[in-house]
Each structure stands twice: as structure tokens, then as C-alpha cells.
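**Q** I'd like to ask some things about the structure below.
Here, each number is a calculation from the coordinates, and none is a lab measurement. What you see is a predicted model, and the numbers here were worked out from it, not measured in a lab. Backbone-built Cβ (ideal geometry, glycine too); neighbour counts: all protein chains shown.
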Amino acid sequence: MTPALTGADIRGRHLRRRQARDRLMRALLWCSALAAVTPLLLLLMFVVREGLPAFRPSLFTEVPRPLGESGGGVKPAVVGSLIMVGLGTFIGVPIAILAGVYAREYAGSRLATVIRFLIDVLAGVPSITIGLFVYGLLVAPMHTFSGLAGAVALAILIVPTVARVTDEMLALVPRSVREAAYALGVPRWKTIARVVLPSAKVGIATGVVLGVARIAGETAPLLFTALGNRTVSTSLVRPMDALPLRIYVYATGPYRSWHQQAWAASLLLVLLVLGFSLITRLLLRRRAPGPD
Amino acid sequence: MLTIRRRIFAALAAGGALAALLLVSACSNGGSAATPTSQTGTPAATGTSPAATSSVTPPTNIGKDDKAQVTGAGSTAIFPFLSKIADIYQKDVAKGVSINYQSIGSGGGIAQFTQKTVDFGASDIYLSDKQMQDIGAPVLNVPMIHWAVAVTYNIPNFKSELRFSPSTIAGIWLGNIKKWNDPAIKADNPNVSLPDLPITPMHRSDGSGTTMNFTSFLAGTSPDWKSKVGAGLSVNWPQGPGGKGSEGVTALVKQTAGAIGYVELSYALQNNLPVGAVKNAAGNYVKPTLQSTTDAVAATVATAPADLRFLIVNPPASHPDAYPIGASTWVLLYKDYPASKSSEVKAMVHFFWWAIHDGQKYATSIDYSPMAPDLVKKVEVALKSITVGGQPVLP
């Protein structure tokens with residue numbers, strides 16, 4: 001009998017080829033994933049290595065010292081960043097979520113397209129331009145740089161990120177859910193507020209975290225609005241400091257001690273953003289399950 | 001669960017409404033604050049002439065009981081000095097005063113001062129006649145500190161100290177001198193063996209007082225430079241790359257073998273870059289130091305006009321040890337401030353009063369040169385002429 005290829009043989013060879021191709025593709029994907037994560041890991045390593053030597057409790061608790069004296073911290077920047085990012089989020093997020101809800105649930109398809117386009121345009125406006133806009137809106141007429149102006153600039157920046165995510169997350173809520181609510185006689189607004197939004201809350205919250213992370217690291221919109229401050233100031237109508245501003249000034253200065261503090265402040269900023277997103281994720285995970 | 005959701009939704013809506021309200025109220029506040037234009041309407045013009053001011057010299061700690069937050073912005077060159085003395089002033093003299101100075105660059109400082117968004121500006125070059133006209137209100141250019149523009153270079157494995165005559169410097173930036181072993185550089189440095197390496201001259205890409213002083217020095221010494229390039233905050237550079245700010249030029253010089261640049265002295269010193277000695281009017285090669293800059297100041301302030309707008313480049317040959325590329329930073333102040341700014345302006349003028357006297361002694365520890373005593377006298381007159389709501393601030 002001449003050795004004939006049986007079906008099993010063919011299937012076996014075919015299978016091996018497919019397995020080999022699978023392994024190759026897996027390896028390629030793994031490499032790509034690694035390539036995507038490597039810069040982040042390197043950046044974290046670098047920031048930790050450079051920032052750790054000056055990373056002491058005094059960084060949070062002390063105001064900057066005069067040149068030539070060692071020590072001192074960036075307390076005004078920490079306080080200012082928390083206030084402005086907090087207020088900016090407080091102003092911007094409600095507007096953004098309501099805008100997202102309107103675009104997805106209420107606007108007719110044509111108006112929704114226009115709104116989405118405008119939100120995308122706003123997302124593409126360079127942050128320095130937003131800073132200049134707020135300068136003209138608040139700083140020049142009030143004749144003072146202020147924490148309020150900084151917060152408003154950050155609020156404008158957070159709007160497109162959150163509005164877009166809200167819009168997309170609402171789109172993911174199945175139509176049948178809405179129809180079920182309508183069938184029970186629930187009015188439209190109540191359906192959105194109590195059925196649609198809660199189903200999308202994890203996604204929207206992720207969007208908010210992304211937005212907060214983005215505005216926390218912005219320097220450009222604060223240059224001409226908050227200006228910076230070397231003393232701890234909580235007044236909203238006075239210049240206010242922020243971590244990115246302090247990093248910018250210290251990193252471009254001539255002094256070694258400033259560079260060290262700039263690195264330490266960078267590490268602090270990275271940790272704050274990471275910590276915030278971790279905490280939010282944990283809180284959401286705990287609340288997410290449960291048959292509402 | 002239902003009530004929680006209702007609350008969340010209500011909170012969202014409330015937050016949105018509040019945000020809108022905040023914006024509106026902020027805008028309307030701004031509108032009302034903008035209306036009084038007392039800064040432009042100067043009552044009873046008080047001249048800068050000494051006769052108009054009293055001869056009383058107030059104590060330097062006159063502001064010890066002030067309470068205010070003063071905001072200023074501008075020159076990066078003066079930032080280390082101003083922030084240092086502001087901290088000391090707050091600690092040792094006036095606990096209730098905080099001077100918030102932000103280094104946004106001289107150009108930015110002039111713009112914000114013109115827009116009246118800051119109480120004072122600071123610039124590495126005095127305001128031009130046109131700039132003063134544009135502001136529309138009488139302003140004062142008050143010098144605060146001096147420093148030197150250093151010529152710094154990067155030649156790998158080269159330890160000798162270099163000397164430059166003004167014509168050599170002009171030749172390098174004009175592009176006539178292309179290599180480090182050019183005969184012109186050799187003539188300045190007879191006992192040094194120079195490498196056969198191309199020269200890359202760096203300049204400031206942004207408008208800067210450093211460039212103004214550097215190009216004024218070259219225009220004053222080299223007719224070739226004067227006719228081809230001239231002097232200004234930013235000029236038409238014949239060649240070479242530019243960097244933003246002193247830090248940008250410093251970084252370019254550090255990274256480029258064969259580079260040469262001009263930066264504020266402290267940037268070169270803090271970055272361990274060599275600085276060249278420059279030939280002055282007396283024919284001596286002088287390194288930029290505190291002493292040689294102070295000499296240059298002493299040589300030029302005698303002829304400083306009453307409006308205090310003067311350069312300290314190319315001091316006369318009567319001062320043989322003076323470094324020829326000195327620079328100053330001016331604080332920009334309005335002559336009359338609106339009465340609504342009374343507490344800020346008092347605290348600010350009192351602070352500067354302290355700064356031109358006691359504050360000057362902190363200059364040398366961070367590589368700046370204090371003002372000459374003759375100049376301090378003239379600055380006193382200028383500060384005494386400042387009024388708030390028409391009333392003099394200093395006795």
C-alpha cells in the first residue's frame with residue numbers, strides 16, 4: 001500500500017501550521033504590548049530615581065526656602081493644585097456629563113452630530129489657547145491673576161474628555177433597558193437619571209478620572225491664569241501655585257537644588273494622579289456588583 | 001437606592017448651575033473692577049526732580065507693620081534675587097507681607113504690567129519711549145540689581161581659559177571666524193593651543209534683555225556689527241541656532257562640542273561651564289566676576305540719567321578692571337496707583353525701599369552685583385515720587 005495521506009494527517013499538519021502562526025502572532029502582540037508599556041515603566045523608574053533623593057515629608061509641609069538655604073518644599077503648589085483641580089473638576093464635570101447626556105439622549109441626530117463635532121474641536125484646542133482665553137475672560141478684566149481663573153481654565157479642559165466618554169458610555173446601554181423602563185410608564189428623564197446613567201456610571205467615572213489626571217498635569221493653561229505663588233494662598237482671587245507650574249519654573253532654573261525639587265515634585269504629581277485613579281477604581285469595583 | 005440616585009442627579013444639576021453662577025459672578029465682578037481708571041488720570045504730576053520730594057530718609061524697615069500680598073512678574077534673571085530677598089523680608093522685617101514674584105520673562109513682565117494685572121513688572125531692559133507711551137500713564141524704571149552677560153563655550157578636553165576681544169566675538173557671531181584655531185582667537189590667546197574644531201555660535205531665540213546688552217556691547221565696539229546686525233531685544237542673527245531663555249542657550253552650549261553662547265553669568269557658573277575673559281576699553285582682558293561687574297556699574301552710573309534708563313556696557317577706560325558686558329534688571333512701577341490698591345502699594349514700595357538698602361547685601365551670595373551707592377541715591381528719589389491716590393507713599 002502506498003502511504004496515503006489520511007484526513008487526520010492533513011488535519012494534523014494544518015493544525016501545527018495554525019498553532020505555529022498562533023504562537024508567532026501571540027509573540028508579536030506580546031512584544032507590541034511590551035513596547036507600549038516600556039516608556040511608562042522607564043518614565044516611572046526615571047522619575048523615582050531622580051525624585052526620591054529630595055522626596056521627604058518636608059516637600060509637602062514647607063514653603064520654598066530662599067536660595068542658598070537647603071530644604072524647603074512645595075506646599076503652596078500642593079495646596080494650589082488640590083484646590084484648582086478640585087474646583088475645576090467640580091465646575092467642569094457636571095457640565096460635561098449633562099452635555100454628554102443631552103448629546104446622546106435628547107438632541108436629534110443632526111444636532112447631536114454638531115455637538116459631538118464641537119466637543120471634539122474643544123478637545124483639540126491647545127491648552128495654552130484656553131489659558132489665553134481665560135486670561136481675556138477673567139484675568140484682564142479683574143486686574144489680577146487668580147486661582148479662580150486657573151480653575152476655570154482647567155474646567156474648560158476637562159469638559160471635552162468627560163462629555164465624550166459620557167456620550168460613548170450612554171451609547172453602550174442597550175435600547176431594551178430604556179424600552180423596559182418606558183413600558184413600565186417611567187418618564188424619559190427618570191429613565192435617564194435612574195436607569196441609563198447608573199448603568200454607565202463605571203465608564204463615566206473612568207472618564208472623570210482620565211480628565212482629572214489630564215488637568216492635574218497641565219502647565220500651559222495655568223501660566224497666564226493662576227501665575228504661581230511662593231506662599232500658601234487659598235484665596236480664589238489671588239495668584240495660586242500649582243505643581244506643574246512649580247516644576248516648570250524649577251526645571252528651567254540654573255540651580256541644582258531647584259532641579260532636585262522639580263524631580264521630587266514630578267514624582268509627587270505622578271503619585272497623586274496614580275493614587276487618585278487607583279482609589280476611584282477600587283471604590284467603583286466595590287460598588288459595581290449588586291442587582292440594582 | 002432610589003433616593004441616592006435622585007441625590008446624585010440633583011447634585012449634578014446643582015453643580016452645573018453653581019458653575020454657571022460662578023462664571024457669571026466672576027465676570028460681573030471683573031466688569032466693575034475694571035471701571036475705575038484712576039491709574040491713567042494722574043493728579044498733580046509729581047516730578048522726579050529732587051526738589052519735589054522731601055529730604056527725610058525713612059528707616060529701611062518702614063514697612064514692618066504692613067499687611068498685603070503683592071504680585072509681580074517678569075525677568076527670569078532677577079527671579080533668584082527677588083525671591084530670596086522677598087523671603088528674607090517676610091521672615092525678618094514684615095511678617096504680614098508676601099511678595100509673590102513669578103518669572104515669566106521680561107517681555108511677559110512688561111505686557112502684564114501694561115495690562116495692570118500685576119502690581120509691578122520686572123525687565124532686563126528699561127522701557128522704550130514707545131512702550132512708555134503705549135502704557136499711557138507715567139511709569140518708573142527702577143534698577144534693582146546688576147549682573148554680567150558671560151561668554152561661555154564648550155570645547156571638549158580643553159582646560160585653558162580663553163580670552164576674547166570684542167572684534168573676535170563680533171567675528172564669531174557674524175560667521176567670519178569659523179574655527180576655534182582661527183588666527184583672531186589665537187591672537188587673543190597667544191599661549192594656548194586651540195583645536196581645529198568648527199565654532200557653533202548660539203543665541204537667544206526669544207526677545208531678551210541679555211541679547212539687548214550683548215548686542216549693544218558689540219554694536220558699541222564693532223562698526224561691522226553695528227552696520228550689519230545692530231542692537232536690540234532680538235536681532236537678525238547672521239547664523240547659528242537659538243535657544244529659549246538663558247537655560248535654553250546653556251543647554252545648547254552644554255550639548256554641542258565647539259559651541260559658544262552668551263548667558264547670564266549665574267547660568268554658566270551653576271552649570272560648570274567655562275566663561276571667557278573679555279577685553280575692555282582699557283585693553284585688559286577681564287573675567288565676569290562680582291567685582292568686575294561692580295566696577296562696570298561704578299563706571300557707568302555716574303552718567304546715569306534721572307529717569308534711570310541706562311546700559312552698563314563698554315565702561316570707559318578710566319576703570320581698567322571693569323567687565324565690559326554688564327546688565328541690569330529694572331522693576332517697573334506706576335507713578336500713581338489707585339487708592340483702592342493702597343495697602344498693596346504701600347507694602348510694595350516699603351519692600352523696595354528695604355530692597356535697595358538692606359536687601360542689596362544678599363546679592364553677592366547668589367552671583368549678583370549690588371547697586372552702586374550713587375545709584376541708590378537716584379533710586380531713592382524715584383521711589384519717593386510714587387503716590388497712591390495722589391498721596392506720597394514714603395514720607
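**Q** Below 14 angstrom from the Cβ of A:Asp9, what's the summed charge of the other residues (Lys, Arg +1; Asp, Glu -1)?
**A** Within the 14 Å Cβ shell, the charges total +4.
**Q** For a quick check, take a GNM of chain A with Cα springs below 10 Å and name the residue from A:Leu236, A:Leu28, A:Leu268 with the largest mean-square fluctuation.
**A** With Cα springs under 10 Å in chain A, the top fluctuation among A:Leu236, A:Leu28, A:Leu268 is at A:Leu28.
**Q** Further question on the same structure: Could you list which residues have their amide H under 5 Å from that of A:Gly73, counting only those 5 or more apart in sequence or on another chain, with H placed in the peptide plane?
**A** A:Glu62, A:Val63, A:Arg65
**Q** Can you spot the lysines whose alpha carbon is less than 21 Å from A:Lys201's alpha carbon? Ignore those fewer than 8 places along the same chain.
**A** The reachable lysines, counting only those whose Cα sits under 21 Å from A:Lys201, are A:Lys190.
**Q** Return the percentage of antiparallel bridges among DSSP beta bridges fully within segment B:149-301, rounded to the nearest 5 %.
**A** 60
**Q** What average count of beta carbons from other chains do you get within 10 Å of the Cβ of residues in B:238-250?
**A** 1
**Q** Check every DSSP H run in chain A and write down those whose alpha carbon atoms cover 24 angstrom or more along the long axis and whose mean Kyte-Doolittle hydropathy is 0.5 or greater.
**A** Result, helices passing both filters: A:75-101, A:147-172, A:256-287.
**Q** With a sphere of radius 15 Å drawn around the Cβ of B:Gly96, what net charge do the other residues whose Cβ falls strictly inside it have (Lys, Arg +1; Asp, Glu -1)?
**A** +1
**Q** Next question. If you place +1 on the Cβ of every Lys and Arg, -1 on the Cβ of every Asp and Glu, and leave all else neutral, what size is the dipole of chain B about its Cα centre, to the nearest 20 Debye?
**A** Dipole of chain B, to the nearest 20 debye: 840 debye.
**Q** List the relative contact order of segment A:1-141 as a percent without decimals, with contacts defined as Cα pairs under 8 Å and 6+ residues apart.
**A** 8
**Q** Given 25 °C and 0.890 mPa s, compute D for the protein assembly as shown with the Stokes-Einstein relation, Rh being the Kirkwood radius over Cα pairs; round to the nearest whole µm²/s.
**A** 85
**Q** Output the pairs from B:Lys84/B:Lys116; B:Lys130/B:Lys178; B:Lys91/B:Lys159; A:Lys75/B:Lys378; B:Lys95/B:Lys384; B:Lys64/B:Lys287 with a Cα-Cα distance over 32 Å in this structure; if there are none, say none.
**A** Check vs 32 Å cut-off fails for B:Lys130/B:Lys178; B:Lys91/B:Lys159; A:Lys75/B:Lys378; B:Lys64/B:Lys287.
**Q** Determine which aspartates and glutamates satisfy two conditions relative to B:Lys341: a Cα distance under 12 Å, and not lying fewer than 8 residues away in the same chain.
**A** B:Asp119
**Q** Which of the listed residues, A:Val273, A:Gly207, B:Thr211, is farthest toward the dipole's positive end in the protein assembly as shown, when Lys, Arg count +1 and Asp, Glu count -1 at the beta-carbon?
**A** The residue sitting most towards the positive pole is A:Gly207.
**Q** Right, here's the next one. Any idea what the dipole of segment B:149-301 comes to, in debye rounded to 20, about its Cα centre with Lys/Arg Cβ at +1 and Asp/Glu Cβ at -1?
**A** Result for segment B:149-301 is approximately 180 debye, rounded to the nearest 20.
**Q** Sorted by packing (mean other beta-carbon atoms within 10 Å per residue), highest first, where do B:323-335, A:106-118 land?
**A** Those peptides, ordered most packed to least, come out B:323-335, A:106-118.
**Q** Net charge near A:Ala226: determine it from the other residues with C-beta under 10 Å of the C-beta of A:Ala226, scoring Lys and Arg +1 and Asp and Glu -1.
**A** 0
**Q** Mind listing the long-range amide H neighbours of B:Gln102? Cut-off is under 5 Å, sequence gap 5 or more, other chains count too, H placed in the peptide plane at 1.01 Å from N.
**A** B:Gly72, B:Ala73, B:Gly74
**Q** Considering only the protein assembly as shown, what is the antiparallel percent among its DSSP beta bridges, to the nearest 5?
**A** Of the beta bridges lying entirely in the protein assembly as shown, close to 60 percent run antiparallel.
**Q** Same structure again: Could you work out the mean count of beta carbons from other protein chains within 10 Å of each residue's beta carbon in B:96-102?
**A** Per-residue shielding by partner chains comes out at 5.
**Q** Relative to the Cα centre, what is the charge dipole magnitude of chain A, using +1 at the beta carbon of each Lys and Arg, -1 at the beta carbon of each Asp and Glu, and rounding to the nearest 20 debye?
**A** 1140
**Q** Express the relative contact order of chain B as a whole percentage, based on alpha carbon pairs under 8 Å and six or more residues apart in sequence.
**A** Normalised by residue count, the contact order of chain B is 23 percent.
**Q** So, one more: Amide H to amide H, which residues 5 or more places from B:Phe164 or on other chains are under 5 Å from it, using H placed in the peptide plane?
**A** Here B:Ala277, B:Val278, B:Lys279 satisfy the definition.
**Q** For the charge dipole of segment B:239-392, defined by +1 on Lys and Arg C-beta atoms and -1 on Asp and Glu C-beta atoms about the Cα centroid, which residue among B:Ser292, B:Met371, B:Gly243 has the Cα displaced farthest towards the positive pole?
**A** Value computed over the given set: B:Gly243.
**Q** Hey, rough spin-label estimate for A:Ser32 and B:Asp224, points 7 angstrom out along Cα→Cβ, what's it come to in nanometres?
**A** According to this spin-label approximation, the distance is 5.9 nm.
**Q** Could you point to the residue in B:Leu162, B:Ala347, A:Met142 farthest towards the positive end of the protein assembly as shown's charge dipole, with +1 and -1 charges on the Cβ of Lys/Arg and Asp/Glu respectively?
**A** About the Cα centre, the residue reaching furthest to the positive side is A:Met142.
**Q** For every helix of n ≥ 4 consecutive DSSP H residues, a contribution of -39,500 (n - 2.57) applies; sum these over the protein assembly as shown, divide by its total residues, and give [θ] at 222 nm rounded to the nearest 500 deg cm²/dmol.
**A** So the helix-based figure for the protein assembly as shown works out to -16500 deg cm²/dmol.
**Q** Ok, one more. Among A:Ser58, A:Ser70, A:Ser81, whose mean-square fluctuation peaks in a Gaussian network model of chain A (Cα, cutoff 10 Å)?
**A** So, out of A:Ser58, A:Ser70, A:Ser81, the one fluctuating most is A:Ser70.
**Q** Please compute, for peptide B:79-86, the average count of beta-carbon atoms on other protein chains lying within 10 Å of each residue's beta-carbon.
**A** If you average over the peptide's residues, the count of other-chain Cβ atoms is 4.
**Q** If you don't mind, there's one more thing I want to ask. Express the relative contact order of segment B:87-242 as a whole percentage, based on alpha carbon pairs under 8 Å and six or more residues apart in sequence.
**A** Dividing the mean separation by the residue count of segment B:87-242 yields 19 percent.
**Q** Given a 10 angstrom Cα cut-off, can you work out which residue in A:Leu271, A:Leu15, A:Leu34 is the most mobile in a GNM of chain A?
**A** A:Leu15
**Q** From the mean inverse distance of alpha carbon pairs (Kirkwood) and the Cα radius of gyration, derive Rg over Rh for segment A:74-287.
**A** 1.06
**Q** Right, next: Would you list which lysines come within 22 Å of B:Lys244, measuring only between C-alpha atoms, while excluding same-chain residues fewer than 8 positions from it?
**A** By straight Cα distance, B:Lys244 reaches B:Lys254.
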